[in-house]
Amino acid sequence: MTQTMREREGTGNAKINSKGYRGRDFQVPKPEEKIRMIFLGGSAAFDRQAPMGKDWPHLVEKELRESGYKEIECINAGTPGHASWDSLGRLYSEMWMFEPEYIFVYHSWNDIKYFRWLNPNRPVCDR
């Protein structure tokens, strides 16, 4: 199978599966033998510049499998533009149905961008 120039350069062509997440499809309900890890976040978690299968959540899966954890399954649920509250909403609305053993939440710029006014005298709930 040949790669397109964009796939080799890592500039796009991310596969979005039938559930709307980056990477291959996964089963729901989760097979009993699987250990499922979900990675939530914004574009830093989605890892748009990475070629197919080389985004960092899937590299974590590869590394764990090579270390002997053959039943690990990582789901890259990163969504460009999402901040912490988006991940929280996704967690409550959908992620629980995927039966993960582990959930990782990785945010940076989008939280900084939207929460720059946050301080002890001005919490989120006062906004």
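The values are calculated or read from the model by the stated rules, or taken from the named source; none is laboratory data. If you're wondering where the values come from, they're calculated on a predicted model, not measured in any experiment. Cβ: placed from backbone, ideal geometry, glycine included. Neighbour counts: every protein chain shown.
Select from the stretch 55-68 the residues that are in contact with a helix residue (DSSP H, G or I) (Cβ under 9 Å, 6 or more places away or on another chain) and either more than 25 Å from ILE112 (Cα to Cα) or of a type outside the set (D, E, K, R) (or both) and list them in ascending order.
Those that are in contact with a helix residue (DSSP H, G or I) (Cβ under 9 Å, 6 or more places away or on another chain) and either more than 25 Å from ILE112 (Cα to Cα) or of a type outside the set (D, E, K, R) (or both): TRP56, PRO57.
Would you point out which residue out of HIS82, HIS58 is within 22 Å of MET97 (Cβ to Cβ) and either among the hydroxyl-bearing types (Ser, Thr, Tyr) or modelled with pLDDT under 95 (or both)?
Values: HIS58 fails: either among the hydroxyl-bearing types (Ser, Thr, Tyr) or modelled with pLDDT under 95 (or both).
Within the list HIS82, HIS58, the selection yields HIS82.
Considering only the stretch 87-110, state which residues are part of a helix (DSSP H, G or I) and touching a residue at least 40 places away in the same chain (Cβ under 8 Å).
In the first step, residues of the stretch 87-110 are kept if they are part of a helix (DSSP H, G or I); the result is 87-93, 95-98, 109-110.
Once the filter is applied, which keeps residues that are part of a helix (DSSP H, G or I) and touching a residue at least 40 places away in the same chain (Cβ under 8 Å), the stretch 87-110 yields SER87, ARG90, LEU91, MET95, MET97, PHE98, TRP109, ASN110.
May I ask you to list the residues in the stretch 32-55 that are aliphatic (A, V, I, L, M) and over 19 Å from PHE98 (Cβ atoms)?
Result: ALA44, ALA50, MET52.
Can you spot a residue in the stretch 74-84 that is surrounded by 18 or more Cβ atoms within 10 Å (Cβ to Cβ), among the aliphatic types (A, V, I, L, M), at negative phi and assigned to a loop (DSSP other than H, G, I, E, B)?
yes
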